[in-house]
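Undergrad: Would you mind keeping the following structure in view while I ask a few things?
Derivation of every value follows stated rules applied to the coordinates shown; laboratory data play no part. In this text, all values refer to a predicted model and were calculated from it rather than measured experimentally. Reconstructed Cβ throughout: ideal geometry from the backbone, glycine too, with neighbour counts over all protein chains shown.
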Amino acid sequence: MKILFMKKLILTLMLSISFFASQVNSAQVTYDYLNKTLNEIKGWAGSYASPWVYYDRNVCGERYGITAYVCGNYLQLGTQFLQNLENRYPLVAKGIFAHEWGHSIQNKRNIRYNVPYQELQSDCFSGSFTYYGENTLGYRGLYNSTSMSAYNAGDATHGTGSQRQYYVRKGYNTRGNPNGCF
Ligand SMILES: [Zn+2]
């Protein structure tokens, strides 16, 4: 009787472990994680921009805390901001980093579109990175997380959720080539 119970317990444990192993896990957004992502982004589009990157340093003077932001040749990321999103959309910190990298590309080339197309082009860049991330780096689920997070963060500046999702897809369809977003 006791052995049977143990067997059942072990089986239940094994099932739950395999269940969790099959999930895409959210990462801890540490500086190491971001540095690794920075190198990955350079591998994808390092020749298109070379911003100074800051973590948890408000070099752009954002008013309400550090989110993910580009000013001039500075790119700043707040780890708490990214962690909150990462918890909802695994790997999305990488997609957001790539979106900001897109703004750096725009700044380097003096690209200035009207609202919301400036933001939508950056969504295209992040979509382009998701293709590279999924197919070259093996980050399954990166596209889906980036797309869903963009969809749920539509606003007057960034475009509607549907527009954002459309441009992330457009970027994905470049098969990782940022040129497809110009
Ligand atoms: Zn943006």
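Undergrad: Once fully extended, how much extra length lies between Gln83 and Lys42, figured as 0.36 nm per residue of separation less the alpha-carbon to alpha-carbon distance?
TA: 12.6 nm
Undergrad: Shifting gears a bit: Starting from the Cα of Lys108, move 7 Å in the Cα-to-Cβ direction to define the label point; list residues of the range 119-134 whose amide nitrogen is under 16 Å from there.
TA: 122, 125-126, 128-129
Undergrad: Under the classification rounded if a/c is under 1.5, otherwise prolate if a/b is larger than b/c and oblate if not, where does the range 46-159 fall, given a ≥ b ≥ c as square roots of the Cα gyration tensor eigenvalues?
TA: The shape class here is rounded.
Undergrad: In what order do Arg57, Arg169, Arg164 fall by count of nearby beta-carbon atoms within 10 Å, going from fewest to most?
TA: Ordered from fewest to most neighbouring Cβ atoms within 10 Å, Arg57, Arg169, Arg164 come out as Arg57, Arg169, Arg164.
Undergrad: Now a separate question. For an R0 of 22 angstrom, estimate the FRET efficiency from the Cβ-Cβ distance between Phe182 and Tyr54 and round to the nearest 0.05.
TA: 0.25
Undergrad: The range 99-156 to the range 24-62: how many Å between their Cα centroids?
TA: For the range 99-156 versus the range 24-62, the Cα centre distance is 14 Å.
Undergrad: Arrange the following residues from fewest to most other Cβ atoms within 10 Å of their Cβ: Phe97, Phe129, Phe81. Can you show the working numbers first?
TA: Values: Phe97 23, Phe129 34, Phe81 19.
Ordered from fewest to most neighbouring Cβ atoms within 10 Å, Phe97, Phe129, Phe81 come out as Phe81, Phe97, Phe129.
Undergrad: Using 1/(1 + (r/R0)^6) with R0 = 25 angstrom and r between the beta carbons of Val24 and Ser162, what's the FRET efficiency to the nearest 0.05?
TA: Efficiency for this residue pair is about 0.55.
Undergrad: While we're looking at this one, here's another question. For the range 101-113, in order, what is each residue's ³J(HN,Hα) by Karplus, 6.51 cos²θ - 1.76 cosθ + 1.60 with θ = phi - 60°, in whole Hz (x at glycine and Pro)?
TA: Residue by residue, the range 101-113 yields 4, x, 5, 5, 4, 4, 5, 5, 9, 6, 7, 9, 8 Hz.
Undergrad: Now for a different question. Measure nothing fancy, just the Cα-based angle from helix 161-172's long axis to the longest principal axis of the chain, in degrees from 0 to 90, nearest 10.
TA: Tilt of helix 161-172: around 90 degrees.
Undergrad: Rounded to the nearest 500, what is the 222 nm mean residue ellipticity of the chain from helices alone, with -39500 (n - 2.57) per DSSP H run of 4+ residues and division by all residues?
TA: Value at 222 nm, helices only, nearest 500: -18500 deg cm²/dmol.
Undergrad: Another question, if that's okay. Net charge around Ala45, counting only other residues with Cβ within less than 15 Å of its Cβ (Lys, Arg = +1; Asp, Glu = -1)?
TA: Summing Lys and Arg as +1 and Asp and Glu as -1 gives +2.
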